[in-house]
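Before any comments, here is the structure.
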Amino acid sequence: MRIIKIEGQNLELTPAINQFIELKFGQLEKMTARYQPFDLEIRVGKDSKHHAKGEIFFAEVNCILPGPSIHLRVVKDDLYSAIDLVKDRLKNQIAKRKPD
């Protein structure tokens, strides 16, 4: 598994955010070993700049692997929760997929 791109939108990607993303998605390494290639593009950020009740964050992942790719997006009021939830949903999608 390779993380080929981590991108931020309306948000500065700090080393802490990058490290958190790499740690969370690194947990999927063992599950993804059977799929080659297995590349991830991850995008995180603020959904928009003008919400009335605080900030809304999103995390989305585009997974490029043999067969149909997987695209997931999660919107939450906490960036780290959004990253964690999108990782969990990706894990579930990978578990459901049958190897070729």
Which pairs, out of Lys76/Lys98; Lys5/Lys96; Lys24/Lys76; Lys46/Lys96; Lys46/Lys76, put more than 21 Å between their alpha-carbon atoms?
-> Lys76/Lys98; Lys5/Lys96; Lys46/Lys96
Sorted by accessible area (1.4 Å probe), largest first, how do Phe57, Phe20 line up?
-> Phe20, Phe57
For Ile6, enumerate residues with amide H under 5 Å from its amide H, sequence gap 5+ or separate chain, H modeled in the peptide plane.
-> Ile42
For Asp47, other-chain or 5+-apart residues with amide H closer than 5 Å (H placed, Pro excluded) are Ile56, Phe57, Phe58
Calculate how many DSSP beta bridges within the chain are antiparallel, expressed in % of all such bridges and rounded to the nearest 5.
-> 70 percent
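The values are calculated or read from the model by the stated rules, or taken from the named source; none is laboratory data. For clarity, every value in this text was computed on a predicted model and none was experimentally measured. These area figures cover heavy atoms from the full protein model, side chains too; ligands, DNA and RNA do not enter into them. Shrake-Rupley method; radii C 1.70, N 1.55, O 1.52, S 1.80 Å.
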